[in-house]
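Data block below; observations after.
The values are calculated or read from the model by the stated rules, or taken from the named source; none is laboratory data. No experiment lies behind these values; they were computed from the predicted model shown. Cβ sites come from the backbone with ideal geometry, for glycine too, and all protein chains shown count toward neighbours. Remember, those area values only see protein heavy atoms, side chains included, never the ligands or the DNA or RNA. Shrake-Rupley method; radii C 1.70, N 1.55, O 1.52, S 1.80 Å.
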Amino acid sequence: MADKTIPELTDAATLDGTETLHVVQSANSREASTANIAALSSTKGQHTIWLPAGAMIPATTNGGELETSESTTNKVMMDGLLFDAATSESAQAAVQMPKSWDESTIVAQFVWTHPATTTNFGVTWGIQARAFGNSDALDAAFGTAVEVSDTGGTTNDVFISPETGAVTVGGTPGAEELVIFKFYRDPADGGDTMAVDAKLLGVKIHYTTNAETDG
């Protein structure tokens, strides 16, 4: 008796709402292919939060100074915080973290610029964080500080620092808790050599999720 050919079936799986993956499969491979499609469409992994300096709160004690500037030729407007070359200054920002956050370490990148200076362009930025759950006292210590050094050079250029090492969020992080981030410049660090203010434009926070949604 002649072999019977199993007809091939074509499925279409939407990956991100704009792209469609067409899968041609035999009847006995449908279950495996469905699992592969689910893996391809997963949103678990690293995500980011952008915190502009203009939305941060300068510390009352030794806080960065808010400055709004306009570029000379093309009139580009930019809010930023000026951090001193001699005294360590700081600012803070608060984020209620997504439920899908894995409540583990985070990573930061600093976006900054600087005015004219003739030599020594190193700046050291730092971050600390603390999680607050329902009915937690706000007057609580931040987690361990993590710093990263970067090098400027050209007046009023944008500089993006390397990623920090892993930052442990203080407290006992839980789902949907409020996390307060503290950002600062450390002029006492050996990598901080710039003799003028460094202007922080914002900080990108990298965090990891362990769920598809915040449902």
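Quick notes
- Distance in nm between pseudo-label sites at ALA59 and THR208 (7 Å out along the Cβ direction from Cα): 3.0 nm
- Stretching VAL76 away from GLN96 to a fully extended chain increases their span by 4.1 nm, per 0.36 nm per residue minus the current alpha-carbon distance.
- Heavy atoms of THR105 accessible to a 1.4 Å probe, total area in Å² rounded to 10: 50 Å²
- Modelled this way, with points 7 Å down the Cα-to-C-beta line, the labels at THR118 and ASP189 are 2.7 nm from one another.
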